[in-house]
Amino acid sequence: MDSTHPTRGPLRRLVRNWISLAGAVIAIGSFFAFLLLFSLDIFAEHGNPYMGILAYVVSPLFLGLGALLIVVGAWLKFRQEHRVQPGALAGILTIDLLRPRDRKILGFFVMCSVGFLFVTAVGSYQTYQYTESVQFCGKACHLPMDPEFVTSQHSPHARVDCVACHVGSGASAYLKTKISGMRQLYHLAMKDFPRPIHLNPDKLRPARETCEQCHWPQKFTGGFEHTFRHFLADEKNTPFSVRLLMNVGGGDPLRGPVGGIHWHMNLANKIEYIAADDQQRVIPWVRHTDAKGVVTEYRNSEFKGDLSKLTVHTMDCIDCHNRPSHNFLSPNEAVDIALANGRIDSKIPWVKSKVVKVLVQPYATGEEAAQKIDTTLRADYPNTPSVDKLIAEVQSIYKVNFFPEMKADWRSYPDHLSHKEWDGCFRCHDGKHKTGDGKSSIKADDCKSCHLILAQGGDEEILKLNAKGLDFMHVDAEYSDFSCAECHTGATPK
């Protein structure tokens, strides 16, 4: 140490200590980490909302820590000088390379500094790669995102990265995702996030920026066959299936006839609507503009709203396909699938009814649900050899579809794709939406316009195909004018 050089600047003198130098290394490393993360985020193929946390929260925190160490080192040096003698100069840090001790100290400091900068660079890049992963999106905010993460792993889009759909492109989307990421971090720290979490449909990215990267209106789909296998809630768990030819149709007249379900996405038409609630369960007003520019408005009798003060939405793919990756199966649907695939033995008496009943009971946590499912089913079937297999399957169904800590299950998120357990199609096609003169409505009078029933009934009847199509039979009664969702709640076996 050298106590000379009294003419050197006071600031330069005060920061010449090991603490301040260490703080300077941390600050420099954090600054370059910020530049690296910022560059990766700018030039990445997909934006990432969590990069806002790393680049604009974590890196500045370490930068602030480095600056704080510089100040602390200078303050301690100032205190040291005044303890020696007010106004006197304490020893100023100097390095004499001729002294072995100084060379060792300097060498150790340089090695640590280089190591810190290297770890910062590599760590920043690896952290960026991790934030791009589905695991990070689902696990970083474990409690609030657990329902979305688990359901996405059991969806058709399980291999699609979260950021491919949830992050936009362009400067506006870039700014929004950064702000959103930091806001989510705040709410996670405060633990004041809503339960369940709902996404405002007005803030969803349009399908042309997400879905249409793989699916597009010009792609003519035609029809496909699908068999819905159900089991009644009786003692024998009687099977009752419906074999449908889904008339998906197409929306591009250049690639096939426009019709079927995808008529709604016909490029020559434009369909607009007004939703009365955030989840778009109630649609009181619809406007259709055809290829010739003819406009037809439909509204139900209760709609008295002023169009100039309401948000008019243009129909998009996600207005029907609103749960493409995060679908919570209802108890009825989940148990039907397990019965159809043999994971639950349909020969166990009343098993459909009893399993649905135990699934819908209120539980505070997943652990409590698993324990009570075990206790209840063992009490219901004390002499059934396969009760262990039954319990394991029911617990698995609960684990991937029910999240009591977040109050999330099928009741929390309506599925607009069909019309069995939610109004779905009947939000508009209910016969109550009429033109101003009341002469025309958009009721789906002919079910065959969307699907053709090829066969229905038990195991034998489902193999007897009818090319002309059958009229829908409600188990043992003819179809009448009613809303399916009024009875099919998803938890009451029908």
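The set of residues in the stretch 359-394 being within 23 Å of the chain's Cα centre (by Cα) and assigned to a helix (DSSP H, G or I) consists of 366 alone. Enumerate the strands (runs of 3 or more DSSP E) found wholly within the stretch 247-323, keeping only those where 3 or more residues are among the small types (Gly, Ala, Ser) and in contact (Cβ under 8 Å) with a residue 12 or more places away in the chain. Ranges flagged: none. The residue pairs whose first member lies in the stretch 212-233 and is closer than 30 Å to residue 166 by Cα and among the aromatic types (Phe, Trp, Tyr), whose second member is modelled with pLDDT of 80 or more and surrounded by 16 or more Cβ atoms within 10 Å (Cβ to Cβ), and whose beta carbons are closer than 9 Å, counting only pairs six or more residues apart or on different chains, are 220/249; 220/262; 224/245; 224/246; 224/248. Residues in the stretch 431-463 that are among the polar types (S, T, N, Q) and within 15 Å of residue 259 (Cβ to Cβ): 1 in all. Taken as a whole, the structure leaves residue 398 outside the set of residues that are of a type in the set (Ser, Thr, Tyr), in contact (Cβ under 8 Å) with a residue 60 or more places away in the chain and surrounded by 19 or more Cβ atoms within 10 Å (Cβ to Cβ). Restricting the stretch 145-165 to residues that are in a helix (DSSP H, G or I) and under 14 Å from residue 324 (Cβ atoms), the residue that is nearest to the chain's Cα centre (by Cα) is 148.
In the condition set (1) touching a Gly at 6+ places or on another chain (Cβ under 7 Å); (2) assigned to a loop (DSSP other than H, G, I, E, B); (3) at pLDDT below 85, residue 416 is compliant with all but (3). Note on the stretch 419-432: residues that are farther than 17 Å from residue 331 by Cα, in a loop (DSSP other than H, G, I, E, B) and out of contact with any Ser or Thr (no Cβ under 6 Å at 6 or more places or on another chain) total 5.
The values are calculated or read from the model by the stated rules, or taken from the named source; none is laboratory data. Values in this document were obtained by computation on a predicted structure and should not be read as measured data. Every residue, glycine as well, gets a Cβ built from its backbone with ideal geometry; the counts of neighbours run over all protein chains shown.
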